[in-house]
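Chemist: Below is a structure I'd like to ask you about.
Quick note: the coordinates plus some simple rules give every number you see, no bench work behind them. Bear in mind that the values here come from a model prediction, so they are computed numbers and not experimental data. Don't worry about glycine lacking a Cβ; one is built from the backbone with ideal geometry, like all the others, and counts go over all protein chains shown.
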Amino acid sequence: MVTDVLVIGAGPVGLYAAFYVAWRGLRVVIADARPEPGGQLAALYPDKVMYDVPGFVEVRAGALVQHLVRQLDLPGVTWRLGETVQGLAPEEEGWVAALPGGAVRAGAVILAGGLGALQPRAASVPGAGSLPTFTDVMDARTLAPRRALVWGGVPQATRMAVDLADAGAHVTLAHRRALFRGSPEDLARLDALRAKGTLEVRAPADLQSLRAEEAVLDDVAVPVDVAFVLNGYLPDLAPLQGVRGLTWDGEYVVADEVGRTTLPGVFVAGDLSSSGGSFKLLSRGFSDAALTANHAAHHVNPDLKVRPGHSSDKRRPAR
Ligand SMILES: Cc1cc2nc3c(=O)[nH]c(=O)nc-3n(C[C@H](O)[C@H](O)[C@H](O)COP(=O)(O)OP(=O)(O)OC[C@H]3O[C@@H](n4cnc5c(N)ncnc54)[C@H](O)[C@@H]3O)c2cc1C
């Protein structure tokens, strides 16, 4: 796959950088290790409300991701979700990135990897794997199990449980603590499905083991066909730390004031960048995104000025 700009990381900063690349009329590929966009906002705190995002008196993190994804619905955008970028190497015309689903060749690259590739925590339950066991969310309709166990107190557990129940499964949602997180909509769906009897909550509970066709909760065998063990995510910087020639300062990639790294045509934005010190905030990350995307656009097509002009003088292209 060939593109003008590759954005590594579909967190808020990567999403906004990809928007700006597409807004400049270029092709952009946006890749993320997770199966859904949003970075920390989607993985770690989709249910929390933020009060310091420009233009919003308050906004739930999950809702902000939806806005960013809608803004990115432009021509020239290709998604590569669920793929960790394993390596980046120079080529005559730019860069080639190694992804599990096939290489991406790009004239410029924006590293928007945040804290690192967000990987689900392993299912550390005896017998995990003796029945289909998943550690991240997925489209419940593609699975359509009859009986499912969802284990976890993270917002993804609540969402997965209600999605599975809506897809027709009988769901047991269980966790160590009797506290489930989620958006107000998902928590309301949870209450409604419990009242209907298609979703059963067992909490506080102890998940002792998984066996073929059953889960053992507090010494009771519960018949299940699939198990979701959702225990959150851990960031992994190792794939990006392996890129030769990048200069690092601890967990930050060293950059100049517009996000240029020590590699030509490779830019860095957001939490991963040294340019804002340890100022890990969205407002600063969005500024990085605008700077790096417009410099990357100029890098791949010198006829495009670095400054994008005012969007208010333009029209949004039809998709
Ligand atoms: C609990 C919490 C609350 C917060 N509240 C606020 C707040 O109120 N206001 C505020 O401004 N900020 C807040 N923040 C900080 C804010 O979330 C971050 O500054 C922001 O998410 C940084 O965005 P990013 O796109 O740079 O990185 P991230 O959000 O970390 O996204 C990076 C993405 O890159 C992907 N990635 C990394 N490496 C690879 C690879 N090799 N291949 C493929 N994908 C890769 C990751 O999987 C991830 O999805 C909060 C953070 C936390 C944890």
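Chemist: Placing +1 on the Cβ of each Lys and Arg and -1 on the Cβ of each Asp and Glu in the range 89-145, which of GLY116, PRO126, MET138 has its Cα farthest towards the positive end of the resulting dipole?
Modeler: About the Cα centre, the residue reaching furthest to the positive side is PRO126.
Chemist: Just grab the label-to-label distance for GLU257 and ALA188, each label 7 Å out from Cα along the Cβ direction, in nm (one decimal).
Modeler: Result: 4.8 nm between the two label points.
Chemist: On to the next question. Nearest 500 deg cm²/dmol is fine: what mean residue ellipticity at 222 nm does the chain get from its DSSP H runs of n ≥ 4 alone, each adding -39,500 (n - 2.57), divided by its residue count?
Modeler: Here the helix-only value at 222 nm equals -7500 deg cm²/dmol.
Chemist: Related question: Give me the tail of P(r) for the range 122-229 as a percent: Cα-Cα pairs with distance above 21 Å. Intermediate values should be presented prior to the final figure.
Modeler: On the way: 1387 of 5778 pairs.
Tail of the P(r) past 21 Å holds 24 percent of the pairs.
Chemist: Still on this structure: Please identify which residues in the range 125-161 have an amide N closer than 15 Å to a label point set 7 Å out from the Cα of GLU213, following the Cα→Cβ vector.
Modeler: 130-132, 146-148
Chemist: While we're looking at this one, here's another question. Which order do HIS67, HIS310 fall in if you start with the one that has the fewest other Cβ atoms within 10 Å?
Modeler: Listed from fewest to most nearby Cβ atoms, that is HIS310, HIS67.
Chemist: Working out 0.36 nm times the residue gap between LYS196 and LEU234, then minus their Cα-Cα distance, what length gain in nm do you get to one decimal?
Modeler: Details: separation 38, 0.36 × 38 = 13.68 nm, distance 3.52 nm.
Length gained between LYS196 and LEU234: 10.2 nm.
Chemist: Please report the antiparallel percentage of the DSSP beta bridges confined to the chain, to the nearest 5.
Modeler: 40
Chemist: Give me ILE8, ILE30, ILE110 ranked fewest to most by other Cβ atoms within 10 Å of their Cβ, as a rough exposure proxy.
Modeler: ILE30, ILE8, ILE110
Chemist: Follow-up question, since we're still on this one. Against the 2.2 N^0.38 Å scaling, with N counting residues, where does the chain land? I'd like the Cα-based Rg ratio to two decimal places.
Modeler: 1.08
Chemist: Figure the gain on full extension for ALA103 and VAL2 (residue separation times 0.36 nm, minus the Cα-Cα span) and round it to one decimal in nm.
Modeler: Full-extension gain reported as 35.5 nm.
Chemist: Once you have the alpha carbon radius of gyration of the range 1-103, what is it after dividing by 2.2 N^0.38 Å, with N set to its residue count?
Modeler: Relative to the 2.2 N^0.38 Å estimate, the range 1-103 comes out at 1.13.
Chemist: TRP248 versus GLN86, label points 7 Å from Cα toward the beta carbon: distance in nm?
Modeler: Taking the two extended label points, one gets 1.9 nm.
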